[in-house]
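> Attaching a single structure in structure tokens format; questions to follow.
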Amino acid sequence: MLGSTLSMAWRNLGRNRRRTALALAAIAIAQMSVLLVDGLMHGFVDSTLEALTGPMMGDVQVHHPEWREERAPDLVLEDAAAKVEATRAVDGVESAYARIYAPALAAREVDGFAVMVVGIDVDAERAGGGLLQGLAAEASPAPGRVLVGARLAREQGLSVGDELAIMGAAADGSIANDLLTVSGILSTPVEAIDRRGLIVPLESAQDIFAMPDQAHEITVHGEGGPGDAAALAGRLGALPALDGLEVLPWDELSPELAQFFEIAGAYGYIVMLIVFLAAAAGVINTMLMATFERRREIGMMLSLGTTPGRLVRMIVFEAVILGLLGVLIGSALGALIVVYQGQTGVSFYDPAAEGAAGIAVYGVNFSRDMYPRLVAGDFVPGFVGISVISVLAALWPALAAARLEPVEAMRG
């Protein structure tokens, strides 16, 4: 009985092929749109997290408890080298390195400009995730040589070979100063460094700012990535060498960005709701028209003994088959497009456009492509949602048809 009911439902979809094709197209476009939005959101989140937890802040950071509030030069981590080595030994740590951040004034000739001198472990940060990732060894900063942020170099007219005099406050209260030669221009997704950064080796920064074996920050990258940051921070916080220090995962270091990701997820659900409502309208219209056109046939079926329940099931099955077939087509098309975009990338901006500088969000400058992707769970809402919508959309005409008087229905 069930098989024959399904067979009749399938056959009924072919009676008006144009209308069925239009309904299938509406449902397929709805599902494809949802998958495209999901793919873009995944790609955007991945790109944001990569830029944020990569060269900007890592998965976890370690500071003096008051440093993030005060940013005072003397709020340092003592015995920085030993703390870095102890951190690297913790299970789940992929890399860890110390940094120094020191505000200063720099001048090429007469006029000075504000800069941030960033002391880094050059070898560690040339590896995956650091500020110098992929940078050639000969272009790396060295004693007496400095890398300049790309935007700072552009605004101040700096070029390789220029000499910069810097002056600032040392950690011991004395005056810090030095003469540095520009060895390269560094383009980085970290907006603050791109705009104001002078990158020098950690040892040079320690000498300039009177910070022997001291640092302001330890940046940690975990093997589990950003998703495991909270657990990694917990393990690091229990480390005796870091006792009394502030150990925070990326989402606590940047709660605004974590909240932004939540809002972005809610946006995806809003898009899904809108397109599903559009799909529901298509299913309702199709089922109402199909039921109205078959009034005489329905009346004859009822007069021949077809039960109202079987009639309802036939119309509901017809709607469900229509919905699932549309979702299947939309899923296949959406997946193909997202896979293609994931291979080629989607650019945030036109790099050929004059003055193009990417997009900055919460201090992260997105000047590169993002790569959309899908996960298995992205397909589930479409199949479940359309199935439910199809049943609800078919119940109204199905129940109306089941209440028809056979004689009146056959008269039209």
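> Need pairs with beta-carbon distance below 8 Å; first residue more than 17 Å from GLY144 (Cβ to Cβ) and part of a strand (DSSP E or B) and within the stretch 100-120, second of a type in the set (D, E, K, R) and at pLDDT 95 or above; sequence gap 6+ or separate chains.
Matching pairs, first to second residue: TYR101/GLU217.
> Tally up the residues in the stretch 139-157 that are in a loop (DSSP other than H, G, I, E, B) and within 34 Å of the chain's Cα centre (by Cα), please.
Residues meeting the conditions: 2.
> Also, I was wondering about something else. In the stretch 208-249, what count of residues is obtained for those that are touching a residue at least 24 places away in the same chain (Cβ under 8 Å), among the charged types (D, E, K, R) and farther than 15 Å from GLU94 by Cα?
Counting residues in the stretch 208-249 that are touching a residue at least 24 places away in the same chain (Cβ under 8 Å), among the charged types (D, E, K, R) and farther than 15 Å from GLU94 by Cα gives 3.
> Another question, then. Might you let me know whether the stretch 4-22 holds any residue that is hydroxyl-bearing (Ser, Thr, Tyr), assigned to a helix (DSSP H, G or I) and touching a Lys or Arg at 6+ places or on another chain (Cβ under 6 Å)? Spell out how you get there, then give the answer.
Residues of the stretch 4-22 that are hydroxyl-bearing (Ser, Thr, Tyr), as a first pass: 4-5, 7, 20.
With assigned to a helix (DSSP H, G or I) added as a condition, the list becomes 4-5, 7, 20.
Cutting the leftovers down to touching a Lys or Arg at 6+ places or on another chain (Cβ under 6 Å) gives us 5.
There is at least one residue in the stretch 4-22 that is hydroxyl-bearing (Ser, Thr, Tyr), assigned to a helix (DSSP H, G or I) and touching a Lys or Arg at 6+ places or on another chain (Cβ under 6 Å).
> Oh, and also: Would you please name the residue that is farthest from MET41 (Cα to Cα), looking only at residues in the stretch 357-412 that are at pLDDT below 60, within 22 Å of the chain's Cα centre (by Cα) and aliphatic (A, V, I, L, M)?
Among them, the one singled out is ALA357.
> Within the stretch 195-227, count every residue that is among the acidic types (Asp, Glu) and part of a helix (DSSP H, G or I).
So the answer is 2.
> Another question, then. Tell me, which residue of the stretch 66-82 that is touching a strand residue (DSSP E or B) at 6+ places or on another chain (Cβ under 9 Å), of a type in the set (D, E, K, R) and closer than 13 Å to GLU246 by Cα is modelled with the highest pLDDT?
Only one residue tops the list, namely GLU66.
> Is at least one residue of the stretch 216-225 under 30 Å from SER174 (Cα atoms) and of a type in the set (A, V, I, L, M, F, W, C)?
Taking every residue of the stretch 216-225 in turn, at least one turns out to be under 30 Å from SER174 (Cα atoms) and of a type in the set (A, V, I, L, M, F, W, C).
> Consider ILE175 carefully, then state whether it is at pLDDT 90 or above, surrounded by fewer than 17 Cβ atoms within 10 Å (Cβ to Cβ) and under 23 Å from HIS216 (Cβ atoms).
Numbers: at pLDDT 90 or above: yes; surrounded by fewer than 17 Cβ atoms within 10 Å (Cβ to Cβ): yes; under 23 Å from HIS216 (Cβ atoms): yes.
It is true that ILE175 is at pLDDT 90 or above, surrounded by fewer than 17 Cβ atoms within 10 Å (Cβ to Cβ) and under 23 Å from HIS216 (Cβ atoms).
The values are calculated or read from the model by the stated rules, or taken from the named source; none is laboratory data. Here the structure is a predicted model, which is why all the values come from computation and not from measurement. When we count neighbours, we look across all protein chains shown, and the Cβ atoms used for this are built from the backbone with ideal geometry, even at glycine.
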